[in-house]
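Enquirer: Please see the structure below; I have some questions.
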Amino acid sequence: MLNPSLRSQVEPFRVMQMLDIIHQRSREGKDTIMLCAGQPSTGAPRPALEAVSEALFDEPLGYTEVVGDARLREAVADWHSNTYGVDTSPGQVIITTGSSGAFSNAFLALLDHGDRVAITAPGYPAYRNILASLGAEITYLKVGAETRFQATATMLEELAEKGEKPKLVIVTSPGNPTGTIIDPAELERIARWCEDNGCALISDEDYHGISFGRPTVTARQFSDDAIVVGTLSKYFSMTGWRVGWMIVPENLVEPLTNLQASLSLCAPAVSQVAGVAAFGEASISELNDHVERYREARAVLLEELPKLGLDTYADPDGGLYLWLNVEKLTDDSEELAHRWVEEIGVAVAPGIDFDPFEGHKWVRLSLCTPADETREACRRIASWISR
Ligand SMILES: Cc1ncc(COP(=O)(O)O)c(C=O)c1O
């Protein structure tokens, strides 16, 4: 029997186990309200589908350039420049297989074994799993409501003072699982700190486009050295198409291209065709309607949860989630999540996936579920609590 490597011993993603339970329930004819999904329930915008249906017959759809189809690189660069008023050239854009592909490539390009990386807890679990498998030293920045669940430059300075200066920092705004948006001035302080301290900054901007009022700024407004990561999976509602991107400083283009050439050759060609059309005006108007639906689901949660006594949560400024404290109900949110799905058919994501320290007191709720179903989920939770 072959033994798997030590580096492959990463933690499971518990929300995927929840999805298995949901599939099993559906086979048994039981309904479930999905508040656990990390993806829009809608498909790709119509112009993207139309572009693909033409390309299927008109284009060979072979490998694209390693760094991505020139049309898509240009679309991403234009979108980035126009949205944020920065000067982003297509030559700095590398198209990847989902933003997940961007993270593994960027980590390989930036880090050697044992290098220290600062990430927040709570935060997106794949960072720590990829980093652990690459042998990076992970330092957690334990963040809470005082800093909108976001990292600060002061935290980085404190690490440096302890002799634990990181080689790389990852900022995620809007956050997963928290939905909080970092204050632009704080992002600027972090970008400056990173430049002054020879530390790389990856700004995960995957949820940009989904904000309920607060401005989302790009790290590249503050530093030409910042690496920005984006995706078609969230705002663009195209999770399964597996297209993401990195916008990188010129000197990293070559090593990242060489790594990508060996790791994946290129992102899926057909999805890149869809991606170009996703940036068009008609797509954007369709996608903005989705954001209005997330806003409605958010409003229902903000109205109903406090009535249930669940009034501690991260401000859901944007993105697709609400990070909810459930310690009034349990000190084991994973068990609570299992009870809710089995007893009342409401699926939430257990917090331990996102925060190894405090996650047992939290769950993540999704804003992707329509408002009426979200209200019904709250009604079921209310009756569960009152039992
Ligand atoms: C913060 C964050 N970054 C990256 C990803 C990866 O997304 P994808 O590979 O679909 O672009 C996700 C997915 O949920 C996420 O939440």
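Enquirer: Among the residues of the range 364-387, are any among the small types (Gly, Ala, Ser), at pLDDT below 95 and exposed (fewer than 15 other Cβ atoms within 10 Å of the Cβ)?
Expert: Of the range 364-387, the ones among the small types (Gly, Ala, Ser) are 366, 371, 377, 382-383, 386.
Subsequent filtering for residues that are at pLDDT below 95 retains 386.
Keeping just the survivors that are exposed (fewer than 15 other Cβ atoms within 10 Å of the Cβ) gives 386.
Within the range 364-387, one or more residues are among the small types (Gly, Ala, Ser), at pLDDT below 95 and exposed (fewer than 15 other Cβ atoms within 10 Å of the Cβ).
Enquirer: So, residue 283, is that one under 30 Å from residue 372 (Cβ atoms), among the polar types (S, T, N, Q) and open to solvent by less than 30 Å² (accessible area, probe 1.4 Å) or not? Reasoning before the result, please.
Expert: Numbers: under 30 Å from residue 372 (Cβ atoms): yes; among the polar types (S, T, N, Q): yes; open to solvent by less than 30 Å² (accessible area, probe 1.4 Å): yes.
Yes, satisfied.
Enquirer: Next up: Going through the range 18-37 one residue at a time, which ones are touching a Pro at 6+ places or on another chain (Cβ under 9 Å) and either of a type in the set (Gly, Ala, Ser) or open to solvent by 80 Å² or more (accessible area, probe 1.4 Å) (or both)? Spell out the reasoning first.
Expert: Taking the range 18-37 first, the residues touching a Pro at 6+ places or on another chain (Cβ under 9 Å) are 18, 36.
Residues satisfying the conditions do not exist here.
Enquirer: What's the number of the condition residue 41 fails, among (1) open to solvent by 70 Å² or more (accessible area, probe 1.4 Å); (2) part of a loop (DSSP other than H, G, I, E, B); (3) at pLDDT 95 or above?
Expert: The number of the failed condition is (3).
Enquirer: All but one of (1) in contact (Cβ under 8 Å) with a residue 40 or more places away in the chain; (2) within 16 Å of the ligand (Cβ to nearest atom) hold for residue 131; which doesn't?
Expert: (1)
Enquirer: Could I ask something else about it? May I ask you to say which residue of 66, 93 is farther than 24 Å from residue 284 by Cα, of a type in the set (Val, Ile, Thr), modelled with pLDDT of 95 or more and more than 14 Å from the ligand (Cβ to nearest atom)? Working first, answer last.
Expert: Numbers: 93 fails: farther than 24 Å from residue 284 by Cα.
That would be 66, the only listed residue that is farther than 24 Å from residue 284 by Cα, of a type in the set (Val, Ile, Thr), modelled with pLDDT of 95 or more and more than 14 Å from the ligand (Cβ to nearest atom).
Enquirer: What's the number of the only condition in (1) among the aliphatic types (A, V, I, L, M); (2) over 14 Å from residue 227 (Cβ atoms); (3) more than 12 Å from the ligand (Cβ to nearest atom) that residue 117 fails to meet?
Expert: (2)
Enquirer: Residues 291, 276: which one is in contact with a helix residue (DSSP H, G or I) (Cβ under 9 Å, 6 or more places away or on another chain), among the aliphatic types (A, V, I, L, M) and more than 16 Å from the ligand (Cβ to nearest atom)? So that I can check it myself, show each step before the final result.
Expert: Working: 291 fails: in contact with a helix residue (DSSP H, G or I) (Cβ under 9 Å, 6 or more places away or on another chain).
That would be 276, the only listed residue that is in contact with a helix residue (DSSP H, G or I) (Cβ under 9 Å, 6 or more places away or on another chain), among the aliphatic types (A, V, I, L, M) and more than 16 Å from the ligand (Cβ to nearest atom).
Enquirer: Another one. Restricting to the range 205-217, and then to whatever is open to solvent by 20 Å² or more (accessible area, probe 1.4 Å) and part of a loop (DSSP other than H, G, I, E, B), can you tell me which residue is farthest from residue 316 (Cα to Cα)? Write out each step before concluding.
Expert: From the range 205-217, those open to solvent by 20 Å² or more (accessible area, probe 1.4 Å) are 209, 211-217; that's our starting set.
Within this subset, residues satisfying the condition of being part of a loop (DSSP other than H, G, I, E, B) are 209, 212-217.
Numbers: 209: 14, 212: 8, 213: 10, 214: 10, 215: 13, 216: 13, 217: 17 Å.
Among those that are open to solvent by 20 Å² or more (accessible area, probe 1.4 Å) and part of a loop (DSSP other than H, G, I, E, B), it is 217.
Enquirer: Please find, among 190, 227, 202, 247, the residue that is crowded, with 24+ Cβ neighbours inside 10 Å, of a type in the set (Val, Ile, Thr) and away from the ligand (no atom under 16 Å from the Cβ).
Expert: Values: 227 fails: away from the ligand (no atom under 16 Å from the Cβ); 202 fails: away from the ligand (no atom under 16 Å from the Cβ); 247 fails: away from the ligand (no atom under 16 Å from the Cβ).
Going through 190, 227, 202, 247 in turn, the sole match is 190.
Enquirer: When you check residue 220 against the structure, is it in contact (Cβ under 8 Å) with a residue 12 or more places away in the chain and in a helix (DSSP H, G or I), yes or no? Don't jump to the end; show me each part of the working.
Expert: Values: in contact (Cβ under 8 Å) with a residue 12 or more places away in the chain: yes; in a helix (DSSP H, G or I): yes.
It is true that residue 220 is in contact (Cβ under 8 Å) with a residue 12 or more places away in the chain and in a helix (DSSP H, G or I).
Enquirer: Check the range 207-223 and report whether any residue there is at negative phi, within 10 Å of the ligand (Cβ to nearest atom) and not hydrophobic (A, V, I, L, M, F, W, C). Working first, answer last.
Expert: Going through the range 207-223, the residues at negative phi turn out to be 207-208, 210-212, 214-223.
If we keep only those that are within 10 Å of the ligand (Cβ to nearest atom) too, we end up with 207.
Retained after the next criterion (residues that are not hydrophobic (A, V, I, L, M, F, W, C)): 207.
Checked against the condition, which is being at negative phi, within 10 Å of the ligand (Cβ to nearest atom) and not hydrophobic (A, V, I, L, M, F, W, C), the range 207-223 yields at least one hit.
Enquirer: Now, a different point. Select from the range 333-361 the residues that are surrounded by 22 or more Cβ atoms within 10 Å (Cβ to Cβ) and touching a Ser or Thr at 6+ places or on another chain (Cβ under 6 Å) and list them in ascending order.
Expert: Hits for the range 333-361 are 347, 350, 351.
Enquirer: Residue 242 passes all but one of (1) crowded, with 17+ Cβ neighbours inside 10 Å; (2) within 16 Å of the ligand (Cβ to nearest atom); (3) on the phi < 0 side of the Ramachandran plot; which number fails?
Expert: Going through the list (1) crowded, with 17+ Cβ neighbours inside 10 Å; (2) within 16 Å of the ligand (Cβ to nearest atom); (3) on the phi < 0 side of the Ramachandran plot, residue 242 breaks only (3).
Enquirer: Restricting to the range 110-163, and then to whatever is charged (D, E, K, R) and not in a helix (DSSP H, G or I), can you tell me which residue is surrounded by the most Cβ atoms within 10 Å (Cβ to Cβ)? Reasoning before the result, please.
Expert: Restricting attention to the range 110-163, the residues satisfying the condition of being charged (D, E, K, R) are 112, 115-116, 128, 137, 142, 146, 148, 157-158, 161-162.
Cutting the leftovers down to not in a helix (DSSP H, G or I) gives us 112, 115-116, 137, 142, 148, 162.
Working: 112: 10, 115: 17, 116: 18, 137: 16, 142: 11, 148: 20, 162: 9.
Top of the filtered list is 148.
Enquirer: Follow-up question, since we're still on this one. Counting only residues that are under 25 Å from residue 194 (Cα atoms) and under 13 Å from the mean Cα position of the chain (by Cα), how many does the range 208-244 have? Step through it out loud before you land on a result.
Expert: First pass over the range 208-244, keeping only residues under 25 Å from residue 194 (Cα atoms): 208, 214-231, 244.
When the remaining residues are screened for being under 13 Å from the mean Cα position of the chain (by Cα), the result is 208, 228-231, 244.
Residues that pass the stated criteria total 6.
Enquirer: Hey, residue 309 hits all of (1) under 24 Å from residue 385 (Cα atoms); (2) open to solvent by less than 10 Å² (accessible area, probe 1.4 Å); (3) away from the ligand (no atom under 16 Å from the Cβ); (4) touching a residue at least 60 places away in the same chain (Cβ under 8 Å) but one; which does it fall short on?
Expert: Unmet condition: (2).
The values are calculated or read from the model by the stated rules, or taken from the named source; none is laboratory data. What you see is a predicted model, and the numbers here were worked out from it, not measured in a lab. FYI the Cβ positions are ideal-geometry reconstructions off the backbone, even for glycines, and counts take in every protein chain you see. The protein model used for the area step is the full one, side chains on, heavy atoms only, and it has no ligands, DNA or RNA in it. Shrake-Rupley method; radii C 1.70, N 1.55, O 1.52, S 1.80 Å.
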